[in-house]
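Every read-out reported here was derived from the displayed coordinates using simple, explicitly stated rules and does not represent laboratory data. Just so we're clear, the structure is a prediction, and the values are computed from it rather than from any experiment. Positions of Cβ are generated from backbone atoms using ideal geometry, with glycine treated the same way; all protein chains shown enter the neighbour counts.
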Amino acid sequence: MSEFKQTFNSSLGKKLIMALTGLFLCTFLIVHLGGNLLLFKNDDGFAFNSYANFLTHFPPIEVVAYILYFCIILHSIYALVLTIKNRRSRPVVYAVQPKSPASWSSKNMGILGSILLLFIVIHMGDFWFTYKYNNILGFKEYRTNQLTGETTVSSFTPPNPEFERSISTEKDVEIVRVKDLHSRIQWSFSHLWYVVFYVIAMWAVSYHLLHGFQSAFKTLGWVHKKYNGIVSFIGTWLFAVIIPVGFALMPIVYYIQSLGK
């Protein structure tokens, strides 16, 4: 047990934890983006509101969510510890900085990580905490004609404070009543400062993952000339381009839409 603790208290152990939690968070980003793409459906938030309810009421997903929160905290703590340790190991700043092959993103992981941590706190407070613990959200009722596929939407007042969601059928009409997180997103993304901050955070995600994804594989020793090109391609195009751009488009599109209302 003491050897185990000694291993994970070492610099290498901390980097291993950083790599493992980082890769888990990368996996989460893929799933999260896939779910959030439902925001682009022109259905008055029907698909997204149903998805949000599923995420917060399906027990296995809730377990994974708490593992996610733990990984975010652990990743942040160990990043801070390693950053402080690296600075203490070289307290004297060179008059002339030596040239380094390291990329800009690798040199500024601390700054990028700090931006992301601030974003996560604000983002979860605005959406997750509001959805779970704040009663300011309203409800929507979606009526879908199962013969024609046409869906109509209206506001709904729940019968009691404990109400979360209901599904029923009346004469070939499916009725779904659900908490309206979609309206909260529309409201948040109608504020320019929030949209700008969100886009900056996605810029930080891009550079953070540009270095972090490939660095995690090197830390874990998963390096082979046969697969290095694939890892580099995925790290660059999927995690540093497609995912950040996908997330950034959401607030931009919703802000543009708010200008026309």
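Mean residue ellipticity at 222 nm from the helices of the chain, using -39,500 (n - 2.57) per DSSP H segment of n ≥ 4 over the full residue count, to the nearest 500 deg cm²/dmol? One gets -20000 deg cm²/dmol as the mean residue ellipticity at 222 nm.
Taking 35 Å as R0, compute the FRET efficiency from the Cβ-Cβ separation of Phe40 and Ser11 and round it to 0.05.
Numbers: r = 43 Å, r/R0 = 1.24.
The formula returns an efficiency of 0.20 here.
Can you give the extra length, in nm with one decimal, that the chain gains between Phe70 and Ser258 once fully stretched, where that is 0.36 nm per residue apart less the Cα-Cα distance? Before the final figure, lay out the partial values.
Values: separation 188, 0.36 × 188 = 67.68 nm, distance 3.55 nm.
Length difference between fully extended and current span is 64.1 nm.
If we count other beta carbons within 10 Å of each Cβ, what is the order of Thr148, Thr21, fewest first? Please list the in-between numbers first.
Working: Thr148 8, Thr21 23.
Fewest to most other Cβ atoms nearby, the residues stand as Thr148, Thr21.
Cross-link reach is defined here as a Cα-Cα straight distance under 21 Å, omitting same-chain residues fewer than 8 places apart; for Lys218 the lysines meeting it are Lys14, Lys15, Lys85, Lys107, Lys226. Sorted on the mean count of surrounding Cβ atoms within 10 Å across their residues, most packed first, peptides 183-193, 204-214, 34-44 read 204-214, 183-193, 34-44. Per-residue packing, averaged as other Cβ atoms within 10 Å, sorts the ranges 175-181, 227-233, 250-256 into the order 175-181, 250-256, 227-233, beginning with the highest. Taking label positions 7 Å along the Cα-Cβ direction at both Ser190 and Leu33, the computed distance is 2.9 nm, reported to one decimal.
For a quick check: sort His57, His32, His75 by the number of other beta carbons within 10 angstrom, fewest at the front. Mind dumping the intermediate values first?
Values: His57 11, His32 16, His75 22.
By the 10 Å Cβ count, ascending: His57, His32, His75.
Using the alpha-carbon atoms, what tilt in degrees (0 to 90, nearest 10) does helix 109-123 show relative to the longest principal axis of the chain? Around 20 degrees separate the two axes. The DSSP beta bridges internal to the range 138-179 are antiparallel in roughly 100% of cases.
For Lys140, the lysines whose Cα falls under 21 Å of its own Cα, not counting residues fewer than eight places away in the same chain, are Lys41, Lys132, Lys171, Lys179, Lys261. With a simple spin-label model that places each label point 7 Å from the Cα along the Cα-to-Cβ direction, the separation between Val81 and Glu62 comes to 3.1 nm.
A Gaussian network model of the chain, with springs between Cα atoms under 10 Å, assigns the largest mean-square fluctuation among Val195, Val63, Val241 to Val63. Among Phe24, Phe58, Phe48, the residue with the largest mean-square fluctuation in a Gaussian network model of the chain, with springs joining Cα atoms closer than 10 Å, is Phe58.
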